[in-house]
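Written below as structure tokens is the structure these notes are about.
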């Protein structure tokens, strides 16, 4: 049979262990902490859900997407907040993508010795910047109809349209523009059809010039993404 002192020691040890466990699981005891989590849902009330935890976004985290890896911190009272996603580690933040080049009647094909490359980045306030370069080769086929080029992320469902610049080097140099409307995943490239009047039409295999090997199309666009 244990003595009274032994029973008291056991009780004290049990209470100490219980206090330690409570401290480990209670933010008010252990203080604030942080960890990484992956966004699984984006709320319309300024929150995101990451690894089952609903987090309030800071003002700097203004363009959340499902799949973002974010930092979440927990206050002493148990609430979670997130300042935003972690850096991708690429340094510049620009990401490569391969645009789809299509024709309204028949799709063109870049070919083995042609090149179609794109790069893009995201900025706060759901802003995307895109840059595309098409260089044709001897194996490129040009399809038919008006051309379109896919975007890395669709534009926002908004009444505002966004436009950028285009440049075609095809013997002569032609200056045009690209434009994207609401909720769109592709852009057309538009060039003037004549100097006077300054009307314009979407780019085709023969407008503004008949495309051939060695021609280069470049365009850039800044827009609000979905």
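Derivation of every value follows stated rules applied to the coordinates shown; laboratory data play no part. The structure presented is a predicted model; accordingly, all values stated were derived computationally and were not measured. Reconstructed Cβ throughout: ideal geometry from the backbone, glycine too, with neighbour counts over all protein chains shown.
Hey, fewest Cβ within 10 Å first, where do 119, 35 land in order? Let's see the in-between values first.
On the way: 119 15, 35 12.
With the fewest neighbours first, 119, 35 line up as 35, 119.
Note on region 95-224: semi-axes of the ellipsoid equivalent to its C-alpha gyration tensor, largest first and rounded to whole Å, are 23, 18, 13.
Ordering 163, 184 from the fewest to the most neighbouring beta carbons within 10 Å gives 163, 184. Between residue 216 and residue 144, the FRET efficiency estimated from the beta carbon spacing at R0 = 22 angstrom works out to 0.55.
Subtract the Cα-Cα distance of residue 73 and residue 167 from 0.36 nm times their separation in residues, and report this length gain in nm to one decimal. Intermediate results must be reported in sequence, preceding the final value.
Values: separation 94, 0.36 × 94 = 33.84 nm, distance 4.68 nm.
Gain on extension, residue 73 to residue 167, equals 29.2 nm.
Within the P(r) computed for region 38-128, what percentage of the Cα pairs occupies the region above 23 Å?
Details: 1765 of 4095 pairs.
Considering region 38-128, 43 percent of its Cα-Cα pairs are separated by more than 23 Å.
Extension gain for residue 194 to residue 18 (0.36 nm times residue separation, less C-alpha to C-alpha distance): 55.0 nm. DSSP finds beta bridges in region 91-185, and of those with both partners inside it, around 100 percent are antiparallel. Which whole-number percentage describes the relative contact order of region 32-86, with Cα contacts under 8 Å and a sequence gap of 6 or more? That works out to 38 percent. With both labels modelled 7 Å from their Cα along Cα-to-Cβ, the residue 34 to residue 119 distance reads 2.9 nm.
Taking other Cβ atoms within 10 Å as a rough exposure proxy, 9, 133 sort from fewest to most as 9, 133.
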